[in-house]
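All remarks here apply to the structure that follows.
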Amino acid sequence: MLAKMFHEKDIPIQVAVGNYNLGICGMDWVEELMVKYPSSPLIELRNLGYGTGTIVVVAGRAGEAPDIERIRAKEEIIRIVSEYPNMAESFALKNRLRRFSIFSVWGAAEVYPPESAELALVRQGEDSLGQELVPVSDVLGFSACLIASKDSWEKEDLSEILASIDDALRSMEKPPSPAAAKIPDTAAGYPVRESDVNEIRLALPDGHQQEPAARLLRRAGITVNDYPSETDDRRPSTNLERVAIKVIRPQDMPLQVANGNFDLAVTGRDWVLEHLYQFPSSPVVELLDLESSRVKVVAVVSNELAVDDIQGLRQLYAEGGEAVRVASEYVSIADRYSRDNHLGGYKVIPTWGATEAFLPEDADLLIENTETGGTIARHNLRIIDTLFESTARLIGNKISISDPAKGDRIRSIMAKLRKGIEDS
């Protein structure tokens with residue numbers, strides 16, 4: 001038996017296309033695939049009884065208490081943000097929302113309402129939805145499940161592994177069912193947060209980029225309270241006047257800045273290029289190289305492949321007449337690199353992390369980021385090309401920068417950060 005660890009969202013896709021006979025993942029990701037591709041050849045074999053949760057639609061606590069009838073009656077576009085865009089669209093269609101837009105994000109969708117979206121479709125966390133959100137509707141209760149490809153179920157003998165799993169399930173204590181979200185009393189109201197159209201909206205990164213960003217802010221004399229946060233506070237306060245801060249995923253920042261939800265953001269050059277390759281006319285512009293969070297974006301192959309560079313890879317697959325399978329989180333960068341290097345009939349495989357697991361069985365080439373190359377080497381892989389070096393960047397929206405009410409304050413923030421870089 002060959003076993004591999006993937007990002008959970010990739011597992012239903014890998015099983016559906018027949019790369020794996022069986023997979024274990026949350027039923028939420030199976031549903032996300034099946035909503036868009038209902039004929040996908042997936043079979044749920046066992047509910048494994050752990051990893052329970054609930055997918056809910058939430059709104060911000062502003063104005064009237066949310067109610068699906070009130071939302072349905074609205075004439076304006078309802079913005080729905082989620083890392084489950086297919087389920088979000090299905091929810092909007094089932095509830096006959098007149099006009100809606102779906103914004104796909106990598107995570108932390110709960111931070112967007114009410115300023116940047118009316119609704120978010122999120123996984124209800126262990127520590128509640130937080131004070132800023134209120135549930136509108138349940139969408140799905142889920143737990144971890146064992147899935148199989150239909151072809152494997154019909155043609156392979158899976159009895160031994162299923163018997164082993166069934167024995168383990170019988171010995172497990174049955175967990176509670178996923179808790180339903182508490183839907184609010186629609187007669188109640190919530191205080192409206194006063195908005196300021198001239199407020200500077202700044203996005204700061206979560207994850208491993210938090211510490212370098214926090215150090216730079218301190219050197220620049222900018223106080224951001226509770227960042228990084230021990231309580232997962234995604235709306236930290238600051239000593240900057242008329243500046244509102246949110247903490248979101250770096251991957252989402254360029255698109256959010258382009259859409260006008262933020263004026264400024266701190267993200268990696270890799271994600272800026274990924275965005276600009278997809279949207280060349282985007283209003284996103286790089287303002288400062290913050291000279292931190294330094295990584296290289298590289299092309300990687302298995303040590304089992306007898307090539308030393310990208311030219312060798314191109315020649316090898318041209319001779320065999322096969323398409324090069326290119327796996328990456330950076331779909332647009334991978335596509336540009338494959339075209340620029342004339343890889344012929346290549347195929348880009350989008351991934352959501354743990355990309356090194358795809359080689360050599362499920363991909364021929366990875367476009368990946370690395371600090372030292374150590375993780376790549378540990379997985380019996382090697383680098384054959386470096387695409388570019390990425391550092392943290394301050395990015396902005398061209399429209400915001402040229403706005404008379406915001407431009408001077410944006411340039412003031414840039415000056416503070418520039419001094420922080422010089423003092424490092």
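Numbers at a glance
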item	result
Test: residue in the range 365-377 that is closer than 30 Å to residue 197 by Cα, assigned to a helix (DSSP H, G or I), among the aliphatic types (A, V, I, L, M) and touching a helix residue (DSSP H, G or I) at 6+ places or on another chain (Cβ under 7 Å)	no
Unique match (being part of a loop (DSSP other than H, G, I, E, B), under 28 Å from residue 256 (Cβ atoms) and not basic (Lys, Arg)) among 353, 396, 420	353
Some residue of the range 296-310 being more than 19 Å from residue 220 (Cβ to Cβ), at pLDDT 95 or above, assigned by TED's automatic domain parsing to the domain that holds residue 352 and in a helix (DSSP H, G or I)	yes
Within the range 294-328, tally of residues that are closer than 17 Å to residue 347 by Cβ and free of Cβ contacts under 8 Å to residues at least 24 places away in the same chain	4
Residue 332 vs. criteria among the hydroxyl-bearing types (Ser, Thr, Tyr), under 23 Å from residue 8 (Cα atoms) and at pLDDT 95 or above	yes
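Quick grid of which residues meet (1) surrounded by 15 or more Cβ atoms within 10 Å (Cβ to Cβ); (2) farther than 30 Å from residue 157 by Cβ; (3) in the same structural domain as residue 162 (by TED's automatic domain parsing):
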position	(1), (2), (3)
22	yes, no, yes
33	yes, no, yes
36	no, yes, yes
40	yes, no, yes
66	yes, yes, no
80	yes, yes, no
86	yes, yes, no
93	no, yes, no
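The values are calculated or read from the model by the stated rules, or taken from the named source; none is laboratory data. It should be emphasised that the depicted structure is a prediction, and the values quoted were computed from it without experimental measurement. Glycine also receives a Cβ, built like all others from the backbone with ideal geometry; neighbour counts cover every protein chain displayed.
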